[in-house]
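Notes to accompany the following structure.
Values in this text are rule-based calculations from the coordinates and carry no lab data. From a predicted model like this one, the values you see are computed outputs, not experimental measurements. All Cβ positions, even for glycine, are placed from backbone atoms using ideal geometry, and neighbour counts span all protein chains on display.
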Amino acid sequence: MAQNQLNSSPKVYARVGGIAYLVIIIAGIFGEMVVRKTIIVAGDASATTANILAHSQLWRAGIAGDLLMHVCDVIVMVCLYVLLKPVNKNLALLAILFNLVQTSVLVANKMNLLMPLFLSEDVNYLKALDPHQLQAMSYLSVKAHSYGFGIGLIFFGFTCLSYGYLIFKSGFFPKLFGVLMAIAGLCYLLNSFTLILAPKLSNFMMLVPAFIGEFSFCLWLIIAGVNVSKWRERKNMYLINQ
């Protein structure tokens, strides 16, 4: 009975989801700000390739961290779906589908980060190419990754908008987090479409409000969880209407 209560407790789902969300945030900061921000030299294929070779283990650690982040994506999806399904099952399902597309795109996109490592190998078939060509191909792979990242975040933007609405309407989460998650979604959409339509205007600072919103919600999930009585009340109403 205790085990069944543990498995059905919304606070367990909230805290597990919150911890996984925190891992996502930490891994994302590590990959983008610690690894790629310090290794990639904008517009300089030679310097970027040299940095990747000199810090290959750090580069690999960034890729591994990204993959761990996407494993945690799945955990967060399940936890938030269970918590938010009583609010609106169809919208909660739509949110998880948007999130699955985002995660799939970003996982496949990791191949672009592996390409510079493949192109730097000391193998005979690469000797057919000039070193400058190899550097250019490596840099193009890195640039392709940044665009692939932006494309994936379009779908995450719609995920955040969906979660924002569900959280706002839930009654068992503070409405503020619904507003913050909706703002996060708009920031992701603005940044990604700016990257595609007007790349010179794209700026990573556009995502600062998104970070604030997601990090705040993440901490709330870990520390406070959900209002259990209101969640159970909402769940009972959902079951009655089925």
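Just one of the listed residues (N99, N112) is over 30 Å from N236 (Cα atoms), among the polar types (S, T, N, Q) and either in contact with an Asp or Glu (Cβ under 7 Å, 6 or more places away or on another chain) or assigned to a helix (DSSP H, G or I) (or both), and it is N112. The residues of region 164-200 that are among the basic types (K, R) and either touching a helix residue (DSSP H, G or I) at 6+ places or on another chain (Cβ under 8 Å) or within 11 Å of A210 (Cα to Cα) (or both), listed by number, are K169, K175.
Among the residues making up region 127-170, those that are farther than 29 Å from F204 by Cα and surrounded by 15 or more Cβ atoms within 10 Å (Cβ to Cβ) are K169, S170.
When each of N112, N99 is tested for being of a type in the set (S, T, N, Q), buried (at least 17 other Cβ atoms within 10 Å of the Cβ) and more than 18 Å from E214 (Cα to Cα), the lone residue that passes is N112. G31 satisfies every condition listed in (1) surrounded by 15 or more Cβ atoms within 10 Å (Cβ to Cβ); (2) without any contact (Cβ under 8 Å) to a residue 12 or more places away in the chain except (2).
Can you confirm whether T38 is in contact (Cβ under 8 Å) with a residue 60 or more places away in the chain and either not acidic (D, E) or not in a loop (DSSP other than H, G, I, E, B) (or both)?
no
Determine if region 64-82 includes at least one residue that is of a type outside the set (D, E, K, R) and assigned to a loop (DSSP other than H, G, I, E, B). No, every residue in region 64-82 fails to be of a type outside the set (D, E, K, R) and assigned to a loop (DSSP other than H, G, I, E, B). Scanning region 171-190 for residues that are touching a residue at least 40 places away in the same chain (Cβ under 8 Å) and buried (at least 20 other Cβ atoms within 10 Å of the Cβ) yields F172, F173, F177.
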